[in-house]
Amino acid sequence: MEPGSQVTDRLRFGCTGCGKCCTGHHVPLTLAEARRWAEDAGQVVVLIEAFVVDGPGMPLEQRDHVLRRSHPVHCGEGEARVSVTFAAFNPGRCRNLDANDLCTIYEQRPLVCRIYPVEINPHIPLRPDSKDCPPEAWQQGPELIHGTQLVDVELQALVQASRQADRDDIAAKVAVCQALGMTTSALKGNGFTAYLPDMGAFAAALAQVQGNEGAQWTLHVQDEALTASLQALGLRTTHETPVYYAFIGF
């Protein structure tokens with residue numbers, strides 16, 4: 001694990017089976033998992049954020065991490081990089097929870113579910129108060145964190161697999177977005193855009209993974225000063241009320 005990836009403390013964790021982590025959370029999916037989710041008639045939400053290399057939206061302390069999980073796109077006369085997340089759309093209870101809050105696809109559950117409650121981003125510390133788990137979950141089970149280290153070797157491997165999937169899948173995710181016209185992004189740190197694609201069209205785009213390589217992207221920005229700084233770089237922006245996506249500002 002990278003330095004600073006977890007809190008500097010000892011943490012234990014034992015799942016209580018409360019089902020709270022499976023309620024009201026959109027679960028990030030790998031490309032393969034998104035295909036399975038679509039095949040099983042699930043809805044996927046597409047979340048997009050962008051930044052300029054060493055410019056607006058670039059968190060310098062996370063430079064290597066965000067660069068590896070992003071992809072360059074045309075934006076006006078300049079270039080932006082976008083990070084795309086395909087997530088299982090779960091505004092309420094996960095569709096795979098049974099009446100006893102048990103996962104009906106446990107053996108095939110998404111990678112992120114297997115990793116929970118550990119954070120994937122090495123720059124975000126694991127904090128129990130940011131999770132939905134009841135207090136007793138942190139008072140039982142095996143040791144999870146010792147110092148800054150994730151103790152469980154298998155869990156370490158799953159975290160690395162998730163990070164690698166982000167890097168391996170990003171070009172294909174961008175191609176799917178471009179094929180479906182989902183080419184407006186928010187600026188990282190300022191917000192993100194969210195799309196709920198038609199799942200028939202989404203599944204077809206996933207099967208082909210052929211996007212419009214010349215697609216033009218737009219950055220949704222509402223702050224006037226930020227808009228001016230982006231336009232000075234030749235980037236295309238909009239502040240109009242979205243019709244086909246939601247802008248979630250921070």
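The values are calculated or read from the model by the stated rules, or taken from the named source; none is laboratory data. Because the structure is a prediction, the values reported are computed rather than measured. Note: ideal-geometry Cβ built from the backbone for every residue, glycine included; neighbour counts use all protein chains shown. Only protein heavy atoms, including side chains, enter the accessible area calculation; ligands, DNA and RNA are left aside. Shrake-Rupley method; radii C 1.70, N 1.55, O 1.52, S 1.80 Å.
Rolling a 1.4 Å probe over the protein heavy atoms leaves TYR195 with an accessible area of roughly 10 Å². Using the Cβ of GLU79 as centre and a radius below 13 Å, the other residues enclosed give a net charge of 0, where K and R count +1 and D and E count -1. Solvent-accessible surface of the chain, taken per residue with a 1.4 Å probe and all protein chains present: 51 Å². With the cut-off at under 14 Å, measuring from each backbone N in the range 176-193 to a point 7 Å along the Cα-to-Cβ line of GLN216 picks out 183-184.
Calculate, for GLN164 and ALA232, the FRET efficiency according to 1/(1 + (r/R0)^6) with r their C-beta to C-beta distance and R0 35 Å; round to the nearest 0.05. Computed FRET efficiency for GLN164 and ALA232: 0.45.
With a 1.4 Å probe and every protein chain kept in, tell me what percent of the accessible surface of the range 10-249 is carbon plus sulfur. Let's see the in-between values first.
Details: 6020 of 11980 Å².
Carbon and sulfur together cover 50 percent of it.
For CYS103, the solvent-accessible surface computed with a 1.4 Å probe is close to 50 Å², ligands and nucleic acids excluded. Can you tell me which of ALA232, ALA99, ALA207 moves the most in a GNM of the chain? Springs connect C-alpha atoms under 10 Å apart. Residue with maximal mean-square fluctuation among ALA232, ALA99, ALA207: ALA99.
For the options SER83, SER229, SER70, a Gaussian network treatment of the chain with springs between C-alpha atoms closer than 10 Å singles out SER229 as fluctuating the most. Surface calculation, 1.4 Å probe, protein heavy atoms: LYS131 sits at approximately 40 Å² accessible. Report summary: the helix-based calculation at 222 nm, which adds -39500 (n - 2.57) for every DSSP H run with n ≥ 4 and divides by the residues of the chain, gives -8000 deg cm²/dmol. Across PRO117, PRO135, PRO197, mean-square fluctuation computed from a Gaussian network of the chain (C-alpha pairs under 10 Å connected) peaks at PRO135.
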